[in-house]
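Some notes on the structure that comes next.
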Amino acid sequence: MTFLESIYLWNILKGMVITFSHLFKKRPTINYPEKKRSFSQVFRGLHVLNRDEEGRERCTACGLCAVACPAEAITMEAAERLPGEENLYREEKYAAKYEINMLRCIFCGLCEEACPKDAIYLSQTFAPANYGRKGFIYRKEELLIPNPVTEPEAYQKALGDKAGKN
């Protein structure tokens, strides 16, 4: 071992060169509230329960999404449509209770593929932070897309990239 190697001068200089070179590189940090990160087209975010063009819920509570979910994150209860509720639900059977436990969800998209009515899809919105476990269990009211008849602007905004596909 030479004298320069024994005092680690060469290694210190190499480390200083690496550190100095990082001063001129682009920073990977994004200032979040001011700038939004762009996601891939195949990004799977929060679940959305879809409506048809007349504002009726598409979900018929068939349970295929719950069966397809490998994490068992989806629970639902079916109910029969009452007379006079034809403007609310598309079929005779509907989901009276529909919950997704986002702590269990692995965002695989199998629920979206299993649904025969295109009632559920994964949006381009990512899951927000929360302080309690109850805040991560999303109920039907939180998952439903806005009504296209009464709130057309909010409906188009919630559809996002799916607007061209429907």
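The values are calculated or read from the model by the stated rules, or taken from the named source; none is laboratory data. As the structure is a computational prediction, the values presented were derived from the model and not from experiment. Methodologically, a virtual Cβ is constructed for each residue, glycine included, from the backbone with ideal geometry; neighbour enumeration extends over all protein chains shown.
Things to note:
- Scope the stretch 55-96; condition assigned to a strand (DSSP E or B) and in contact (Cβ under 8 Å) with a residue 60 or more places away in the chain; matching residues: GLU57
- Test: residue in the stretch 124-133 that is touching a strand residue (DSSP E or B) at 6+ places or on another chain (Cβ under 8 Å) and modelled with pLDDT of 90 or more: no
- If you filter the stretch 97-144 down to residues that are among the β-branched types (Val, Ile, Thr), in contact (Cβ under 8 Å) with a residue 40 or more places away in the chain and assigned to a strand (DSSP E or B), you find that the one that is surrounded by the fewest Cβ atoms within 10 Å (Cβ to Cβ) is ILE120.
- Screening SER6, SER38 for residues that are under 30 Å from LEU110 (Cβ atoms) and either of a type in the set (Lys, Arg) or at pLDDT below 90 (or both) leaves exactly one candidate, SER38.
- Qualifying residue in the stretch 60-81 (condition: loosely packed, with under 13 Cβ neighbours inside 10 Å, closer than 28 Å to ALA129 by Cα and of a type in the set (Ser, Thr, Tyr)): no
- The condition (being touching a strand residue (DSSP E or B) at 6+ places or on another chain (Cβ under 6 Å) and closer than 15 Å to PHE43 by Cα) is satisfied by just one residue among TYR138, TYR121: TYR121.
- Taken residue by residue, the stretch 39-54 has no member that is surrounded by fewer than 10 Cβ atoms within 10 Å (Cβ to Cβ), polar (S, T, N, Q) and outside any loop (DSSP other than H, G, I, E, B).
- Looking only at residues of the stretch 20-63 that are polar (S, T, N, Q) and out of contact with any helix residue (DSSP H, G or I) (no Cβ under 9 Å at 6 or more places or on another chain), we find that the one that is farthest from GLU91 (Cα to Cα) is SER21.
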